[in-house]
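Notes follow once the structure below has been shown.
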Amino acid sequence: MIGGIMRLRVVKGDITKLTVDAIVNAANSLMVMGGGVAGAIKRAGGADIEREAMEHAPVPVGGAVATGAGRLKAKYVIHVPTMERPAMRISLSNVKIAMDAAVRKALELGVTSLAIPALGTGVGGVDRCDAARAMIGVLKRYVDANVRIPNIVFVDINEEQVKCFREAIREILGLNVEIEYL
């Protein structure tokens, strides 16, 4: 809890199973939802999510598009490109830019709960803990500016990744959070 205004959680599990206002999809600029988190979202929520996202393509790295969430328990999927084309290697700066875009879009939508997976750690090739520190670092800028989303869940199916999220939250925000398991 940050100042009684914001609750942070770290969850090991499937992002598509969470009941939140919005989930973040680490996308590519073409909005093709092939593998990783994007593929899981498409499988669980339906192909309409991809079709709706592709209507906005190409979306540059640093942009964000919100779509419906199909059969998911969320209201929205926020698609934030970390790469221009599917399966590209990326830099840590793309993770920061995408995280900032996700938070900005969530604030624009007025969501009160947001689930965020690791950005750039799959085919993007970014180190898990570096990505977690970058993402929490971006979030800290909003916290320091007193701009907050009430409930944020950092979620991943990988045990190492959720440990990286927990450690980054401790290092950067000074908070101790327990890992929850779905």
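Rule-based calculations on the coordinates, nothing more; no lab input. These numbers were taken from a predicted model, which means no experiment stands behind them. With ideal geometry, Cβ positions are generated from the backbone for all residues, glycine too; neighbour counts draw on all protein chains shown.
Would you mind working out the magnitude of the charge dipole of the chain relative to its Cα centre, with +1 at each Lys and Arg C-beta and -1 at each Asp and Glu C-beta, to the nearest 20 Debye?
That gives the chain a dipole magnitude of about 160 debye.
Give me the dipole magnitude in Debye, nearest 20, for segment 52-133 about the Cα centre, with unit charges on the beta carbon: positive for Lys and Arg, negative for Asp and Glu.
220
Rounded to the nearest 500, what is the chain's calculated 222 nm mean residue ellipticity when only DSSP H runs of at least 4 contribute -39500 (n - 2.57) each, over all residues?
-11000 deg cm²/dmol
I need the shape label for segment 7-181. Rule: rounded when a/c is under 1.5, else prolate if a/b > b/c, else oblate, with a, b, c from the alpha carbon gyration tensor.
Cα axes put segment 7-181 in the rounded bin.
Using Cβ contacts closer than 10 Å as the measure, can you line up C164, C129 from fewest to most?
Exposure proxy ranking, most exposed first: C129, C164.
If you rank V138, V80 by fewest surrounding Cβ atoms within 10 Å, what's the result?
The fewest-first ordering by Cβ neighbours comes to V138, V80.
So which DSSP H runs in the chain come out at 18 Å plus along the axis (Cα) with average Kyte-Doolittle of at least 0.0?
Sorted by number, the helices that extend far enough and score high enough are 92-109, 128-144.
Of the listed pairs K17/K75; K42/K163; K42/K140; K73/K140, which have alpha-carbon separations greater than 24 Å here?
K42/K163; K42/K140; K73/K140
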